[in-house]
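The values are calculated or read from the model by the stated rules, or taken from the named source; none is laboratory data. What you see is a predicted model, and the numbers here were worked out from it, not measured in a lab. Every residue, glycine as well, gets a Cβ built from its backbone with ideal geometry; the counts of neighbours run over all protein chains shown. Side chains are part of the model used for accessible areas, which takes the heavy atoms of the whole protein and leaves out ligands, DNA and RNA. Shrake-Rupley method; radii C 1.70, N 1.55, O 1.52, S 1.80 Å.
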Amino acid sequence: FQYLKRFEQGYNLDTFCYEAHSVEGNPAECLQQLLLHCGITDPSWSELRNFTWFLNVQLRDCEASVFCNPDFVQDTLQGF
């Protein structure tokens, strides 16, 4: 939710890193962002769950990768 919210607001996501157990927004806001970005017109709960699970895995791997660390790559992969 935090990544999707910042993406929607036009923030630079290259410098954002999720902080465990941090809470932003409310459940209605979260559901709205998920529905907006999941790519399915009328998703089922299982489709939303699969979307969030996949997105979470990808973002966690991205944060853990040295190649996605802006301090390491500096500006060589801008927007990657």
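Worth a mention:
- Scanning segment 13-59 for residues that are touching a Phe, Trp or Tyr at 6+ places or on another chain (Cβ under 6 Å) and more than 11 Å from Q2 (Cβ to Cβ) returns a single hit, C38.
Each row is one residue, and each column tells you yes or no for (1) within 17 Å of R60 (Cβ to Cβ); (2) open to solvent by less than 70 Å² (accessible area, probe 1.4 Å); (3) aliphatic (A, V, I, L, M).
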{"residue": "Q2", "(1), (2), (3)": "yes, yes, no"}
{"residue": "G10", "(1), (2), (3)": "no, yes, no"}
{"residue": "D14", "(1), (2), (3)": "yes, yes, no"}
{"residue": "C17", "(1), (2), (3)": "yes, no, no"}
{"residue": "V23", "(1), (2), (3)": "no, no, yes"}
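- Given (1) within 15 Å of C62 (Cα to Cα); (2) free of Cβ contacts under 8 Å to residues at least 40 places away in the same chain, number of the condition C30 does not satisfy: (1)
- Helices (runs of 4 or more DSSP H) enclosed by the chain - at least 1 residues per element that are modelled with pLDDT under 90: 45-64, 70-73
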